[in-house]
Structure formats: C-alpha cells, structure tokens
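Trainee: Let me give you the structure first, and then I'll get to my questions.
The values are calculated or read from the model by the stated rules, or taken from the named source; none is laboratory data. On a predicted model such as this, the values are computed, not experimentally measured, just so you know. Here the Cβ is made from the backbone with ideal geometry for all residues, glycine too, and neighbour counts use every protein chain on show.
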Amino acid sequence: MSRLIVISNRVSVPKAAGAAGAQGGLAVALNSALREHRGIWFGWSGQETQEFTGHLDMQRNDGVTTATIDLEPQDIEEYYNGYANRTLWPLFHYRIDLTEYDRNFGEGYERVNARFAASARPLIEQDDLVWVHDYHLLPLGSLLRAKGVNNRMGLFLHTPWPPTRLLVSLPFHERLVESMLAYDVIGFQTDEWLGSFLHYLEKEMGLAIGPDGIVEYQGRRILAKAFPIGIDYAEFTQGANSAEAAEAHDRLKASVRGRKMLIGVDRLDYSKGLGERFESFSRFLADNPDQASQVVLLQIAPPSRGDVASYQQIREDLERKTGHINGAHADVAFVPIRYVNRGYPRRQLAGYYRASEVGLVTPLRDGMNLVAKEYVAAQKPDNPGVLILSQFAGAALQMEDALLVNPHSLEHVSETIKRALDMPITERRKRHERLLASVRDEDVVHWRNEFVSALFQKSAPHSDASQT
Ligand code: ADQ
C-alpha cells in the first residue's frame with residue numbers, strides 16, 4: 001500500500017477520544033482517515049515565528065505522524081486571514097459582497113504556497129500518494145511539480161466551487177484555476193460544485209471534458225469528480241452510545257423540563273445562516289403562540305476566524321438578535337434561545353443531538369455539512385428526531401429524506417419547524433431509516449477509499465511532470 005502524504009493548511013494533532021473535539025469538519029475527517037494509513041500529515045502548526053525557517057516539527061501521536069511548520073505574522077495576515085478567509089472563502093460561498101480583492105493577499109498566498117512546497121518536498125518519497133486539501137492550497141500541486149515531484153497528486157475541495165460568473169470577479173482567476181490542473185485528481189463534494197468547475201474549464205479555458213470527467217490539458221489527463229465526504233460513523237455512533245453521551249442527554253433533557261428542543265451546531269460563520277435561522281425561529285414563535293413556550297432552540301456556535309472583521313460582525317449581530325428574540329418571547333422561567341459560544345467533546349455533542357427533537361441545519365451555502373450527518377447518526381432508531389436541512393448544503397443531494405428548506409424564507413423554515421414537531425412517529429422512523437443508511441454507507445472511510453483509489457487508478461494515467 002502506498003504511503004499517503006496529506007497536506008492541509010492546519011494540522012490538527014489527534015486528541016484522545018472524548019476530549020474537546022477539533023472543531024473543523026476537515027480535522028475531524030482527516031484524523032480518522034490517517035489513522036489507518038501509514039503516512040504523514042503536513043501543514044501549518046498554527047504558531048507564529050518572527051522569521052520563516054522552514055523547520056519541520058515531526059511528531060507521532062495516536063498512530064498519525066505529523067510534520068508542521070511555523071509561519072510569519074505577515075504570512076498569517078495575507079495568506080490565512082487575507083486571501084484564504086477574506087477572498088476565497090466568501091467568494092466560494094457566493095458572497096462577493098464580502099469578498100476582498102487585495103493584491104497583497106494574493107502575493108502572500110503564493111508566497112506561503114511556495115513555502116509549503118519547499119518544506120513538504122523532502123517528505124515525499126517515490127511511491128507516495130500526495131493528497132492536498134482545500135482552498136488554502138490550490139496552487140500547491142503545480143509548485144510541487146516545479147520541484148520535480150512526479151508522484152500522483154490529488155486535491156479535494158471541502159467548500160463549494162462558485163459559478164463561473166462569480167469566479168471571474170477574482171483577479172488572476174485563470175492563473176489560479178490553471179495551477180489546479182497540475183493535480184491528477186480534483187475532487188469536489190457534489191456534482192453541483194463539480195459542474196461549476198467543469199463549466200469554467202469549458203467556457204473560460206476552452207477545454208473539452210471527456211467521458212467520466214477526464215480533462216486533457218497539456219498532454220496530461222486529469223480526473224475531476226465528486227466524492228461526497230461523510231462522518232466517522234463507527235466512532236460517532238460508539239460515542240453516541242457512551243455513558244458520557246447518556247449523561248449529557250439526561251442533563252439537557254432535565255433542564256428543558258418536558259419542552260421540545262431544536263438544535264443547531266455550527267462554527268460561527270456567516271455561511272451557516274445563523275441570523276436567518278434565529279429569525280425563522282422567532283417567526284415560528286410568533287406564528288404558533290400555543291407552542292411558543294414549549295419549544296427551545298439550543299444553538300452551539302464556537303467562534304472561528306475572529307481576526308476577520310466579517311466574523312466579528314456576525315458575532316455581534318447574533319448577540320443582538322438573541323437578546324432581541326429572547327426579550328420578546330421569554331418568560332420568568334423560560335428562555336427560547338440558548339446560545340452558547342464554545343466547543344464540546346464529541347460524545348457530549350452526540351448526547352445533545354439525541355436529546356433534540358429537531359436538528360436545524362440551515363446554511364446559506366455549504367460544501368457538504370457534517371453536522372446534518374452527525375445529527376442523524378446520533379438518533380435513537382425507535383424514536384428519532386427530524387432533520388431540517390438547507391437545500392443549499394451539499395448534504396441535501398444525499399439526504400433527500402430530510403425536510404429540505406430554503407433558509408432565506410423565514411415563512412418556509414417556520415412552517416417546516418411546525419411540520420417537524422408534529423410529524424408522526426411512523427414517518428419519522430421511515431425517513432430516519434433511509435437517512436441513516438446513507439450516512440452509514442457513505443462514511444468517511446468510504447470517502448477516503450474512493451478518493452485514494454481514484455488517485456491510484458489507471459483510468460487517469462499519470463504522465464511525466466515535464467509535460468506540465
Ligand atoms: P465546516 O464548515 O467546519 O467544514 P461542518 O461540515 O458542519 O462544517 O463540520 C463542522 C464539524 O465541527 C462537525 O464535525 C461538528 O460536530 C464540529 N463542531 C462544530 N461545532 C462544535 C462544537 N461547539 N463543539 C464540538 N464540535 C463542534 C468544512 C466545510 C463543510 C464540510 C466539511 C468537511 O465548510 O461543508 O462538510 O469541511 O469537508
């Protein structure tokens with residue numbers, strides 16, 4: 001079996017089961033993927049250094065070898081806070097109103113990608129498979145090729161890929177996309193994002209897309225394909241059946257004293273539609289006065305990317321909205337929204353999901369969304385809760401038995417909350433059974449196997465790097 005070299009912006013060293021979990025979906029997915037594969041996870045340590053040296057800090061933890069580098073403050077500002085999180089993230093989530101186009105960000109992005117390439121190069125041995133992750137590192141493959149790396153290299157994008165007419169607002173978009181064609185396999189979460197990428201190649205670059213998504217470019221064959229990511233089903237369900245989960249479940253149940261609960265769990269990010277969710281819930285309370293004091297929304301939202309102004313803004317907006325809604329609907333012994341800005345150990349989280357009659361997952365745009373899958377996996381099959389899922393999450397394409405909603409329509413979400421709370425047990429069970437089958441069968445192990453075997457396969461024969 002070939003070694004796997006995983007490269008992503010941050011390396012999250014695995015934590016003991018039950019410890020406060022890594023909060024990004026990427027970290028959660030990769031930890032489990034690497035545990036079984038002999039290999040190395042390379043990326044930024046999350047630490048600053050005054051002068052970049054390229055020194056690799058190698059560690060072995062819980063079956064995963066990690067190699068990390070420190071970055072300079074200017075790198076972090078321009079590459080991470082800048083180009084990655086103020087340019088590409090909003091653009092890839094269709095928010096060109098929040099996208100900042102600053103030339104220094106672009107230069108910082110290319111500089112840090114070059115630093116990644118220089119530091120990762122010595123780790124790569126002849127038969128290794130190289131698997132690069134996400135929007136922070138789109139040009140890394142081409143920089144590694146320039147350093148003589150002939151290995152098979154794949155890229156997986158965890159976010160959506162934007163429609164061509166939005167992407168062309170990015171200065172130097174051609175250069176960015178062309179650099180991606182140095183990979184052998186380019187993976188997306190869904191056929192929708194894949195379709196947008198192929199549309200760009202056809203319309204902006206005049207490339208022909210062959211059968212099965214094979215693109216020929218400068219004598220090389222590149223496979224572009226959807227590989228929907230899943231959760232670590234085995235680990236998650238084991239956690240959901242643990243004593244810690246049961247205790248968390250019981251404590252939460254006791255605290256709501258017979259009321260029904262809706263749960264949301266999201267990084268504090270504008271793409272997750274939290275403001276719209278709170279307003280929809282408020283609408284539900286106003287439209288259903290008979291149920292208003294009988295339903296609680298628990299929203300768990302750990303802060304993220306706090307150095308970026310749009311994230312400070314969303315935090316303030318949500319605090320204001322929570323105060324406003326609670327002020328309007330609370331009673332002396334009842335507060336409708338419980339809004340918590342912290343992370344929880346995964347088992348505890350599973351207990352909270354299980355204690356909730358409704359999972360409210362309403363992003364405005366999301367590559368996949370693992371919370372929707374975790375909510376389903378955590379339910380009791382004999383008395384499962386109902387998943388309300390945004391039609392704009394990648395997960396909606398696999399989870400048609402959820403109640404799909406348009407998160408922009410407060411009326412639609414409000415009516416769907418009512419429908420979920422009133423849903424008969426037979427329908428709940430039927431929907432849950434089908435959802436559970438897809439969450440179980442298309443788990444993170446399946447995702448990794450599909451991607452790695454596509455990378456390994458002969459259908460996209462690897463050609464010499466000198467041709468790139
Ligand atoms: P994220 O945008 O981070 O991931 P998501 O897929 O929902 O979104 O993953 C979040 C993960 O963090 C979940 O596993 C969740 O349980 C965990 N988490 C969130 N809040 C937590 C809390 N308070 N305590 C503990 N854990 C918490 C990106 C993309 C997604 C894509 C994933 C994986 O934006 O679309 O699904 O990568 O590819």
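Trainee: What pairs come up if the first residue lies in segment 278-294 and is over 19 Å from Tyr339 (Cα atoms), the second is among the hydroxyl-bearing types (Ser, Thr, Tyr) and part of a helix (DSSP H, G or I), and their beta carbons are under 6 Å apart, counting only those six or more places apart or on different chains?
Mentor: Filtered contacts from segment 278-294: Asp287/Ser414.
Trainee: Do the conditions hold for Leu155, that is, is it buried (at least 21 other Cβ atoms within 10 Å of the Cβ), modelled with pLDDT of 95 or more, aliphatic (A, V, I, L, M) and more than 16 Å from the ligand (Cβ to nearest atom)?
Mentor: no
Trainee: Considering only helices (runs of 4 or more DSSP H) fully contained in segment 154-205, which possess at least 2 residues that are out of contact with any helix residue (DSSP H, G or I) (no Cβ under 6 Å at 6 or more places or on another chain) and either of a type outside the set (A, V, I, L, M, F, W, C) or under 19 Å from Leu223 (Cβ atoms) (or both)?
Mentor: Of the helices (runs of 4 or more DSSP H) lying wholly inside segment 154-205, those with at least 2 residues that are out of contact with any helix residue (DSSP H, G or I) (no Cβ under 6 Å at 6 or more places or on another chain) and either of a type outside the set (A, V, I, L, M, F, W, C) or under 19 Å from Leu223 (Cβ atoms) (or both) span 173-180, 191-205.
Trainee: For segment 399-408, how many residues meet the condition of being touching a Ser or Thr at 6+ places or on another chain (Cβ under 6 Å) and either touching a residue at least 40 places away in the same chain (Cβ under 8 Å) or in a helix (DSSP H, G or I) (or both)?
Mentor: Residues of segment 399-408 that are touching a Ser or Thr at 6+ places or on another chain (Cβ under 6 Å), as a first pass: 403, 405, 407.
Checking the rest, the ones that are also either touching a residue at least 40 places away in the same chain (Cβ under 8 Å) or in a helix (DSSP H, G or I) (or both) come to 405, 407.
The qualifying residues number 2.
Trainee: I'd like the residue in segment 226-264 that is assigned to a helix (DSSP H, G or I), among the charged types (D, E, K, R) and closer than 30 Å to Gly367 by Cβ and, out of all such residues, is modelled with the highest pLDDT.
Mentor: Checked segment 226-264; the qualifying residue modelled with the highest pLDDT is Glu244.
Trainee: Filter segment 265-280 down to residues that are in a helix (DSSP H, G or I) and either within 7 Å of the ligand (Cβ to nearest atom) or within 14 Å of the chain's Cα centre (by Cα) (or both), then give me how many there are.
Mentor: Count: 3.
Trainee: Next up: If I ask for residues that are under 20 Å from the mean Cα position of the chain (by Cα) and small (Gly, Ala, Ser), which ones from segment 122-169 would you list?
Mentor: Gly154
Trainee: Does segment 327-334 contain any residue that is buried (at least 17 other Cβ atoms within 10 Å of the Cβ), modelled with pLDDT under 95 and away from the ligand (no atom under 11 Å from the Cβ)?
Mentor: yes
Trainee: So which residues in segment 218-233 are surrounded by 17 or more Cβ atoms within 10 Å (Cβ to Cβ) and either more than 16 Å from the ligand (Cβ to nearest atom) or not basic (Lys, Arg) (or both), if there are any at all?
Mentor: Arg220, Ile222, Leu223, Ala224, Ala226, Phe227, Pro228, Ile229, Gly230, Ile231, Asp232, Tyr233
Trainee: Could you tell me whether any residue of segment 421-439 is assigned to a helix (DSSP H, G or I), modelled with pLDDT under 95 and among the basic types (Lys, Arg)?
Mentor: For segment 421-439, residues assigned to a helix (DSSP H, G or I), modelled with pLDDT under 95 and among the basic types (Lys, Arg): absent.
Trainee: I'm checking my understanding of the structure. Among residues of segment 63-103 that are modelled with pLDDT of 95 or more and polar (S, T, N, Q), which one is nearest to Leu34 (Cα to Cα)?
Mentor: Step by step, filter segment 63-103, then rank; the result is Thr68.
Trainee: Look through Ala396, Ala372, Ala402 and report the one residue that is touching a helix residue (DSSP H, G or I) at 6+ places or on another chain (Cβ under 6 Å) and either of a type outside the set (Val, Ile, Thr) or modelled with pLDDT of 95 or more (or both).
Mentor: Within the list Ala396, Ala372, Ala402, the selection yields Ala372.
Trainee: Take the residues in segment 341-389 that are touching a Lys or Arg at 6+ places or on another chain (Cβ under 7 Å) and touching a residue at least 60 places away in the same chain (Cβ under 8 Å); name whichever of them is nearest to the ligand (Cβ to nearest atom).
Mentor: Pro363
Trainee: Taking the condition of being part of a helix (DSSP H, G or I) and closer than 25 Å to Asp184 by Cα, how many residues in segment 92-129 meet it?
Mentor: The qualifying residues number 17.
Trainee: Surrounded by 22 or more Cβ atoms within 10 Å (Cβ to Cβ), in contact (Cβ under 8 Å) with a residue 12 or more places away in the chain and more than 16 Å from the ligand (Cβ to nearest atom): is that true of Gly108 in this structure?
Mentor: Yes: the conditions hold for Gly108.
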